[in-house]
Amino acid sequence: MTDDLIDRLATDLKPVRPGALGRLLACTLLPGLILSAALILLGHGLRPDLAQALPTPAFWVKSIYPLALALIGLCALMVVARPGGVPRNAGFASLLIYLALASLGLWQLRLSPSSDYPNLIFGISYWLCPFIILVAAIPVYGAIILFLRRGAPTHIRLTGFVAGLTAGAIGAWTYSWGCIENGLPFVAIWYTSGIILTGLIGMLLSRRLLHW
Amino acid sequence: MKQLTETELKALMLLSLDGDEVAYRCLLDMLRHLLVSYYGRRLSRSAPADVDDLVQDTLLALHQRRITYDRGRPFTAWFFTIARHKLVDHYRRSDDKAHLGMEMLEEIAGGYSEDAVSARMDVNRLLESLPAWQGEMIRRVRLEGHSVSDTAAKSGRSEAVVKISVFRGIQAIAAKLKGESSDR
């Protein structure tokens, strides 16, 4: 029996180039990213005032915050995809990014009259924002799961959490091109909620999706 | 059969990743024997059929997931993390909670985490400081879990010699470690 198996595996051997895992992640992620962008573009639309928003720092902070989290998440995915992998610095790095955003948010509040506070904190879409991020994250989450199913994650719940957070961060990034809010406190609260919500759902689904 | 060391297994794995079928066949065959003893020792109450299943399952996992092997890292640590994953899954499926608890505790206590991997590399470095045959005895008895009589039979030495050389070797390592920490 085992002899047959070894025979079959040896005949089936194809070379694996160095860096193959990273390329696999890039190749599976790309369709997920395109689908997420398409969902935002077709289902929500680019923000109508994009031309006015582009020169403002608030727009870029709102876009760079989830992008930075996504990059940390992708590095963490490369770690958890390997047996025994635990991304030790990812949590700390994400916290630093969050604190940077929170400080910018507090600074923005300081510079604004208090009549603007509700707009900067709740905007007009706070109750919807986390769910739009969740929807935009679904195709990315699917892509990441496909990637991980070819990997060998051994800390399954942690891996599902990292997969969800990364998908959420990428979903939040695509949404940042459609979202009309300009408040950084809004981003710090509601974007982060959307990303964490996606992370928790990713963790809940992990046992079923990532078992091997 | 001769037990291969980390260096040799890793060399075989690297050749396999480059597509060398002969090396791969050899690697799978070596690992199969390692796995039979690894699972055999941990599934004392189960049928040998379970051991066979687990061995095949693990070899298949190695094949399908070899993309996750990082060429810069130790091979055995990577491979036995997969083997342990399959073992824990087996305990879970067979509802063997007592075993599962122990296995998880062991995992928390160190297992094959990054720290344990670097500790393993330190152990290898320390063993290399001993005469080759003495390092090999310690590796077999203490690290790979072979019995003293087994090791004695394979190396052609008496059991007493094996026991004493393992003991003296560990004493020498301990002395070396003390020296290292007082140097700092």
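The values are calculated or read from the model by the stated rules, or taken from the named source; none is laboratory data. Predicted, not measured: the structure shown is a model, and the values here were computed from it. All Cβ positions, even for glycine, are placed from backbone atoms using ideal geometry, and neighbour counts span all protein chains on display.
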Practice problem: Taking B:LEU54 as the residue in question, decide whether it is buried (at least 20 other Cβ atoms within 10 Å of the Cβ) and more than 8 Å from every other protein chain (Cβ to nearest Cβ). | Solution: yes
Exercise. Starting from the stretch A:163-186, take each residue that is on the phi < 0 side of the Ramachandran plot and list its partners that are among the aromatic types (Phe, Trp, Tyr) and surrounded by 24 or more Cβ atoms within 10 Å (Cβ to Cβ), counting only C-beta distances under 6 angstrom and pairs at least six apart or across chains.
Key: A:ALA167/A:TYR141; A:ALA172/A:TYR191
Quiz item: Can you find a residue in the stretch B:40-50 that is in a helix (DSSP H, G or I), at the interface with another protein chain (Cβ under 9 Å from one of its Cβ atoms) and either of a type in the set (Lys, Arg) or surrounded by fewer than 21 Cβ atoms within 10 Å (Cβ to Cβ) (or both)?
Solution: no
Quiz prompt | In the stretch A:137-151, residue farthest from A:THR198 (Cα to Cα) [restricted to those that are surrounded by 22 or more Cβ atoms within 10 Å (Cβ to Cβ) and within 14 Å of chain B (Cβ to nearest Cβ)] | solution = A:GLY151
Quiz item: Just a yes or no: is a residue in the stretch A:160-181 within 24 Å of B:LEU87 (Cβ to Cβ), surrounded by fewer than 22 Cβ atoms within 10 Å (Cβ to Cβ) and at pLDDT 95 or above?
Solution: no
Quiz item: What residue, among those in the stretch A:19-39 that are in contact (Cβ under 8 Å) with a residue 12 or more places away in the chain and facing chain B (nearest Cβ under 8 Å), is farthest from B:ARG65 (Cα to Cα)?
Solution: A:LEU24
Self-check item: One residue from A:ARG110, A:ARG82, A:ARG88 being of a type in the set (Lys, Arg) and crowded, with 18+ Cβ neighbours inside 10 Å
Solution: A:ARG82
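Okay, residues lined up against (1) touching a helix residue (DSSP H, G or I) at 6+ places or on another chain (Cβ under 7 Å); (2) modelled with pLDDT of 95 or more:
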{"site": "A:TYR65", "(1), (2)": "yes, yes"}
{"site": "A:LEU69", "(1), (2)": "yes, yes"}
{"site": "A:ALA93", "(1), (2)": "yes, yes"}
{"site": "A:SER103", "(1), (2)": "no, yes"}
{"site": "A:SER115", "(1), (2)": "no, no"}
{"site": "A:LEU120", "(1), (2)": "yes, no"}
{"site": "A:ILE133", "(1), (2)": "yes, yes"}
{"site": "A:ALA143", "(1), (2)": "yes, yes"}
Quiz item: Say we look at the stretch A:1-18 and pick out the residues that are within 18 Å of B:ARG66 (Cα to Cα) and either exposed (fewer than 11 other Cβ atoms within 10 Å of the Cβ) or aromatic (Phe, Trp, Tyr) (or both); which of these is nearest to the other protein chains (Cβ to nearest Cβ)?
Solution: A:PRO15
Quiz item: Is the stretch A:152-162 home to any residue that is out of contact with any Ser or Thr (no Cβ under 7 Å at 6 or more places or on another chain), outside any helix (DSSP H, G or I) and within 14 Å of another protein chain (Cβ to nearest Cβ)?
Solution: yes
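Conditions tested, residue by residue: (1) small (Gly, Ala, Ser); (2) under 22 Å from A:ALA152 (Cα atoms); (3) in a helix (DSSP H, G or I).
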{"site": "A:LEU9", "(1), (2), (3)": "no, yes, yes"}
{"site": "A:ALA26", "(1), (2), (3)": "yes, yes, yes"}
{"site": "A:LEU46", "(1), (2), (3)": "no, no, no"}
{"site": "A:GLN52", "(1), (2), (3)": "no, no, yes"}
{"site": "A:LEU77", "(1), (2), (3)": "no, yes, yes"}
{"site": "A:GLY85", "(1), (2), (3)": "yes, yes, no"}
{"site": "A:ARG88", "(1), (2), (3)": "no, yes, no"}
Quiz item: Which residue out of B:LEU34, B:LEU28 is more than 10 Å from every other protein chain (Cβ to nearest Cβ), hydrophobic (A, V, I, L, M, F, W, C) and outside any loop (DSSP other than H, G, I, E, B)?
Solution: B:LEU34
Quiz prompt | Those residues of the stretch B:152-165 which are within 17 Å of B:LEU127 (Cα to Cα) and surrounded by 15 or more Cβ atoms within 10 Å (Cβ to Cβ), in sequence order | solution = B:VAL162, B:LYS163, B:SER165
Quiz item: Which condition number does B:THR68 fail, the rest of (1) touching a Phe, Trp or Tyr at 6+ places or on another chain (Cβ under 9 Å); (2) surrounded by 18 or more Cβ atoms within 10 Å (Cβ to Cβ); (3) touching a residue at least 12 places away in the same chain (Cβ under 8 Å) being met?
Solution: (3)
Self-check item: Residue count for the stretch B:12-43, restricted to those that are in contact (Cβ under 8 Å) with a residue 12 or more places away in the chain and on the phi > 0 side of the Ramachandran plot
Solution: 0
Exercise. Might you let me know whether the stretch A:123-136 holds any residue that is of a type in the set (A, V, I, L, M, F, W, C), in a helix (DSSP H, G or I) and surrounded by 24 or more Cβ atoms within 10 Å (Cβ to Cβ)?
Key: yes
